[in-house]
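The values are calculated or read from the model by the stated rules, or taken from the named source; none is laboratory data. The model shown is predicted, which means the values in this text are computed figures rather than measured ones. Glycine also receives a Cβ, built like all others from the backbone with ideal geometry; neighbour counts cover every protein chain displayed.
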Amino acid sequence: MLVVGASSGIGRAVGLQAAALGARVVFAARRTERLSEAVAAAGVGAGASAVVCDVRDPEACERAVAEAVDALGGLDAVVYATAVDTLVPIAEASAEVWLNTLSTNVVGASLVVRAALPHLRRSKGRVALISASSTGRPLPAMGVYATSKAALEELVRAWRSEHRDVAFTSVRIGMTLGTEVYASWDPEVLAAVSPQWGAEGYLLDNGPDTMEVDEAASAVVAALTVPVCLRDLTVTASPRA
Ligand SMILES: NC(=O)c1ccc[n+]([C@@H]2O[C@H](COP(=O)([O-])OP(=O)(O)OC[C@H]3O[C@@H](n4cnc5c(N)ncnc54)[C@H](OP(=O)(O)O)[C@@H]3O)[C@@H](O)[C@H]2O)c1
């Protein structure tokens with residue numbers, strides 16, 4: 001399988017869990033060292049490998065899929081875990097932020113699926129694309145990100161309607177710790193909006209608690225391994241004692 005966005009966070013954990021179950025995994029993202037570390041963590045003998053890919057570059061998406069197919073001899077599954085999440089009030093979001101977010105979170109997803117399609121049709125394969133449980137009720141200052149995730153979910157429906165021989169799953173993930181998606185957040189913007197997130201119930205809408213990265217990843221692996229197609233999942237923490 002190919003996991004795009006596998007150098008950190010949930011994508012990396014999906015790759016490692018799948019490898020532990022016996023899948024041969026190609027880890028793809030931009031940061032070479034982090035990819036090598038993930039391949040090493042999968043363990044000698046797991047048959048894992050890495051492909052460097054910036055999904056904003058259409059040719060890089062095609063190359064990543066071609067290299068994965070070469071390495072694996074085909075493709076049974078693709079996971080798209082790639083995303084950027086700029087914390088910015090919507091009135092302040094520049095064209096650059098919009099274009100970077102949409103090309104990373106939406107357009108890249110479609111380009112990867114397009115390149116993988118012939119291989120997935122051959123294998124009757126599966127695709128899991130990671131969205132967010134906050135889609136539909138955007139947290140203040142996360143409107144650009146939420147818009148991209150709403151578009152990603154519509155993209156999944158569009159692919160599904162035209163290609164019924166491939167199983168497409170949207171996995172809406174709730175708040176998850178141990179990832180790097182928050183690394184770009186401006187602390188001043190966070191301090192300004194986070195009281196509103198708590199007071200107006202935005203945080204609780206995304207689960208009774210935060211998840212650990214391995215918990216979130218386990219839902220994606222489940223979607224790829226159950227004998228049926230889970231079309232749309234929302235994954236949050238279990239209520240804790
Ligand atoms: N953590 C949460 O609370 C949460 C909640 C809801 C949904 N999600 C979703 O879960 C998914 C995984 O996020 P995460 O939390 O695990 O964050 P993360 O640790 O930041 O992972 C994001 C991945 O995307 C890759 N990426 C970013 N830009 C890229 C580009 N231009 N080309 C190729 N790869 C790129 C990053 O690798 P490089 O930088 O090496 O390229 C990294 O591997 C995302 O879709 C995110 O929206 C997360």
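Of the numbered criteria (1) within 13 Å of the ligand (Cβ to nearest atom); (2) without any contact (Cβ under 8 Å) to a residue 40 or more places away in the chain; (3) assigned to a helix (DSSP H, G or I), the one ALA19 fails is (1). Screening the candidates ALA28, ALA50, ALA38 for the property of being within 12 Å of the ligand (Cβ to nearest atom), touching a strand residue (DSSP E or B) at 6+ places or on another chain (Cβ under 9 Å) and closer than 15 Å to THR104 by Cα yields one hit, ALA28. For region 75-88, state whether one or more residues are in contact with a His (Cβ under 7 Å, 6 or more places away or on another chain), among the β-branched types (Val, Ile, Thr) and on the phi < 0 side of the Ramachandran plot. No, the conditions are met nowhere in region 75-88.
Here is a yes/no grid of residues against (1) buried (at least 18 other Cβ atoms within 10 Å of the Cβ); (2) away from the ligand (no atom under 14 Å from the Cβ); (3) among the aliphatic types (A, V, I, L, M):
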{"position": "ASP57", "(1), (2), (3)": "no, no, no"}
{"position": "ALA64", "(1), (2), (3)": "yes, no, yes"}
{"position": "GLY73", "(1), (2), (3)": "no, yes, no"}
{"position": "ASP76", "(1), (2), (3)": "no, yes, no"}
{"position": "ILE90", "(1), (2), (3)": "no, yes, yes"}
{"position": "ALA93", "(1), (2), (3)": "no, yes, yes"}
{"position": "THR104", "(1), (2), (3)": "yes, no, no"}
{"position": "VAL107", "(1), (2), (3)": "yes, no, yes"}
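Residues in region 151-184 that are aliphatic (A, V, I, L, M) and over 18 Å from VAL228 (Cα atoms): ALA151, LEU152, LEU155, ALA158, ILE173, MET175, LEU177, VAL181, ALA183. In region 208-221, the residues that are touching a residue at least 40 places away in the same chain (Cβ under 8 Å) form Cβ pairs under 7 Å with partners that are not in a helix (DSSP H, G or I) and not hydrophobic (A, V, I, L, M, F, W, C), at six or more places apart or across chains, as follows: VAL213/THR176; VAL213/GLY178; VAL213/THR179; ALA216/THR176.
All conditions in (1) among the small types (Gly, Ala, Ser); (2) at pLDDT 95 or above; (3) over 17 Å from SER103 (Cβ atoms) hold for ALA151, with the sole exception of (3).
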